[in-house]
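The values are calculated or read from the model by the stated rules, or taken from the named source; none is laboratory data. Remember, predicted model here, so these are calculated numbers, not experimental data. Because the Cβ atoms are built from the backbone with ideal geometry, glycine has one as well, and the counts that use them run over all protein chains shown. We work out accessible area using only protein heavy atoms, side chains counted, and drop any ligands, DNA or RNA first. Shrake-Rupley method; radii C 1.70, N 1.55, O 1.52, S 1.80 Å.
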Amino acid sequence: MGTVLQNENQKDAARKAYTQATTLDTRFLPPYLSLASMAYQTGNWTEVLNLTGHILDLDPLNRAAVTSYVLDLDPLNYADAYFYNAVANYKLNKIEDAEKSGLKAEHLDLRTHFRRCISY
């Protein structure tokens, strides 16, 4: 519901729907990423850190410990969570944490590591 409302440019209603989803199941992570994105857009860096921190704490593959590439069929883009986390840390002058998250975002963003191969 939050995604539909956000696409309809009803940001307050979308935020309310995402927040309600987080109260129903704290382990369902997509609403947290959407809320983090909205907080990022408004520059609420503390909220971005709280939301992305929750996502990264519950990451089922523990990407903080992954050093190789993994085929992940989870639709949640953890690279985005690390990116938002990195920017928020930077804006809050937590440079070392920003660097760690930024490097992890770069490592996890497979879209920049592999070219799209299409054969006709």
Open item on the list: Can you report the number of residues in segment 1-18 which are of a type outside the set (A, V, I, L, M), surrounded by 13 or more Cβ atoms within 10 Å (Cβ to Cβ) and in a helix (DSSP H, G or I)?
Closed with: 7
Open item on the list: Against the conditions (1) aromatic (Phe, Trp, Tyr); (2) surrounded by 16 or more Cβ atoms within 10 Å (Cβ to Cβ); (3) modelled with pLDDT under 95, where does residue 114 fall short? Just the number, please.
Closed with: (2)
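Where residues in segment 65-93 are surrounded by 13 or more Cβ atoms within 10 Å (Cβ to Cβ) and assigned to a loop (DSSP other than H, G, I, E, B), which of them is modelled with the lowest pLDDT?
72
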Open item on the list: Of everything in segment 21-41, what is at pLDDT below 95, open to solvent by 60 Å² or more (accessible area, probe 1.4 Å) and not basic (Lys, Arg)? Give them in sequence order.
Closed with: 23, 24, 25, 26, 28, 41
